[in-house]
1. Select, from A334, A370, the only residue that is open to solvent by less than 40 Å² (accessible area, probe 1.4 Å) and touching a Phe, Trp or Tyr at 6+ places or on another chain (Cβ under 6 Å).
2. Would you please name the residue that is surrounded by the fewest Cβ atoms within 10 Å (Cβ to Cβ), looking only at residues in region 20-41 that are part of a loop (DSSP other than H, G, I, E, B) and either β-branched (V, I, T) or touching a Cys at 6+ places or on another chain (Cβ under 7 Å) (or both)?
3. Would you check if there is a residue in region 133-142 being in a helix (DSSP H, G or I), open to solvent by less than 10 Å² (accessible area, probe 1.4 Å) and either under 18 Å from F59 (Cα atoms) or touching a strand residue (DSSP E or B) at 6+ places or on another chain (Cβ under 7 Å) (or both)?
4. Failed condition for A53, given (1) buried (at least 16 other Cβ atoms within 10 Å of the Cβ); (2) outside any helix (DSSP H, G or I), with all others met?
5. Which condition does V636 not pass, out of (1) open to solvent by 30 Å² or more (accessible area, probe 1.4 Å); (2) modelled with pLDDT of 95 or more; (3) aliphatic (A, V, I, L, M), if it passes all the others?
6. Give A658, A697, A600, A692 a once-over and let me know the one that is outside any helix (DSSP H, G or I), within 23 Å of K509 (Cα to Cα) and either small (G, A, S) or free of Cβ contacts under 8 Å to residues at least 40 places away in the same chain (or both).
7. Give me the pairs, please: first residue somewhere in region 53-73 and farther than 14 Å from T100 by Cα, second residue anywhere and assigned to a loop (DSSP other than H, G, I, E, B), beta-carbon distance under 6 Å, and either six or more positions apart or on two chains.
8. Within region 98-124, which residues are of a type in the set (A, V, I, L, M), assigned to a helix (DSSP H, G or I) and farther than 21 Å from N168 by Cβ?
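The values are calculated or read from the model by the stated rules, or taken from the named source; none is laboratory data. Quantities reported herein were computed from a predicted structural model and do not represent experimental measurements. With ideal geometry, Cβ positions are generated from the backbone for all residues, glycine too; neighbour counts draw on all protein chains shown. Each accessible area value is taken on the protein alone, full model and side chains, heavy atoms only, with ligands, DNA and RNA left out. Shrake-Rupley method; radii C 1.70, N 1.55, O 1.52, S 1.80 Å.
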Amino acid sequence: MGKLLLILTLFLPIWVFAQTADTYIQAGNAKDKVKNYNGAIVDYTRAIHIDTANINAYFFRGNSRSNSKDFTGAIADYTKTIMLKPDRAEAYYYRANANTNLENFAEAVKDYTTALRFLPKNADIYQYRGSAKTNLKDFVGAIDDYTKAIQIKPSANLYTYRGVAYSNLGDNPSAIADYDRALASNSKSAELYYYRANSKSALKNYNGAILDFNKSLELNPRNAEAYYYRGNAKANMGNNQGAIVDYNQAMRLNPKLEELNHYLANAKINVADNRGAIAEYTKAIAQNPTNGELYLRRGVARVNIGDKAKALPDLNKAIELQPDAYPEAYRARAGIRFDNKDYEGAIDDADFVIKNNNKDDGAYAIRGNAKAEKKDTVSALVDFNTAIELNGRNSYTYYSRGNVKRDLKDVRGAIEDYTKAIELRPDYMDAYLERGNARARMRNFAGAAQDYQRVLDNSPRSEEAYLKLGNSRALFRDYQGAIDTYNLGIKINPKNTAFFIKRGVAKSKLGDTQGAARDFNQVLRLDTGSAEAYQNRGNLKAGYGDFEGAMADINKAISQQANEEAYLFLGSAKAGLNDYLGAIEAYNRALEINTNSAKALYFRGLAKSNLPDSLGAMDDFKKAYDNDPQDEDVFVYRGLAKLNLQDSINAIQEYNTAIDMNPTNSDAYLYRGVAKFKLQDYRGALQDYTTAIQMNAANKLAFLRRGELKAVQRDNKGAIDDFTTAITLDGRLRMAFYERGLIRIQVSAEKNNGCLDLSKAGELGLKEAYEAIKKYCN
């Protein structure tokens, strides 16, 4: 509550003296007595014309002028009276009153002081001087004057005025004592209950304050400020709904109350009515456009509803208006910058918060996440550890630290952190998802299933929950489980394109290219401009050798929404056409979007190895490793590059490293098998192909390569079985048809089927198949 100042408007009594006076003075007195002040002034003026030194004429005219609110004229008359009779105490007293009404409080204090030299026992003069000092914010002097007045003639009003002065001085216990004394003799004063309520609020006695505001409003239900401040008291007690009711009533009574929209907005944001809060903050900003806190709070409300695009300008404005005042603005902006992948900006903002308050655990957590995204995992862990030391009850910090431990392959440590996050926040669905993923990585599939089911039990109609659960299952190559989950999500909302895109990707991983294509096409029926659908359909086409069709789709996606993944897919399609320079250019564009993309770097390195540019390739793999030393695929692709460079021995060492980092990486076993096959280590190759299949039963290339190996070993039945499985996984895998056909045509009973296999391989775009048909089938 702001300071309470008393401004007195005084209507002076009429002085009539029994002494003999001029006829005009008597006439003036009579007119003044019936409040005909203008007529009285005319008479007093006539008296002055006759006798320019008539003290009473000037004095009485001053009274009439004061009563008619001509305070400047009154002061002139009282001044003339004092000139003629310097010891006339009432002239000083009344001139002080006139100055008070003109808010010339310093002059009023001087005149009250002079009057008190002549009338030292006059309680009213002490009271009025106290009021003038109150308006000059001389609360100590005011209290002294009110105390003297009380000593002479105690009254409820004097205790009230002194209570206000104590309150303005911050001595609320003394203020309350005075209000109690005043109420003892004036228990029906709405104003007194109101004043006492404010003092109780200042002492954080909100219950007592609310009781007094209630009483004040019983006596005066039209007091908008009483509703306003009662709302503040309720808000301070956490009763924000009650506060909103009071603020709305105050608004109806007086919509111009200062800061009312501000406090109403605060209450609304506290009950999660963020949109309502935004509307009120907007009104408050229109009234006070230089108040940085209003932009800050509106920005926070916008963050809460996910409107970060509009939140960011609000936070920027708050910081611009008062750069050092709102660490919270920097913290909130750091969060938005993090979400926008502006990790350097997020770190800068978090640094500012920590510099101003090194106990702000939230700032350490945000900075830790930003550092983690920049692959500075050591510093990230230090920040998360600091945040947890400062506040061991923040579930988000444990969750974030768990993610870093997950990326560092400290899966057990990650599970411990996710578990702690869940203990602190039992409805933390993201933590259940990540713990489920971690448990699956530890081969604890039962525990993983429990976590995933917990997510679905919590949100049986949540599209986001099904999407995240499906993504998690896909992450661990449980593509059928992912598809089943996306199916459930589609039942909830058959127009959610994200489900179809993700399901299409999962189907492609299982070799269901037709099903995947149907899903991507369905997305394009729902949203003809879906860049994600075009780029994934293009990548699907590249997977079965339709590189021209692939590039058409991917270029369409890029024209609508250029992104890193689209350029990665474009590079792969160009590499499939042996356009390695074009592939490198596509990977360069991906790196322009994300300079830290390890994937773009190792894809580019692989393309360079096909030129061959061995030095450039190895430089890219080194950069990829520097950007993400925990990604085993860096070693898988460097192994592929070394295979391209005819260095099978060192390729095997790369795959060994990848397997050490992640013993479940199916591709690492597959390509190590390829390297061993090139070195004619057929037993070692067979073992690796089989392990690759055990790690991922949908690895069609592992079946294809194992089939080729079995064919070399003349295990034709085993080879045909593997080729058949590969075809089952991907009906467009032309090499599987080709290799199976070459084996079948060697057996007279199978020759027709073998020729049909070769025909299918040719139909799918393999030119060599037609050469074989000419040689063996005609």
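1. A370
2. T20
3. no
4. (1)
5. Of everything listed in (1) open to solvent by 30 Å² or more (accessible area, probe 1.4 Å); (2) modelled with pLDDT of 95 or more; (3) aliphatic (A, V, I, L, M), V636 misses just condition (1).
6. Residue meeting the stated conditions: A697.
7. I55/K85; N63/L12
8. The answer is A98, A115, L116, A123.
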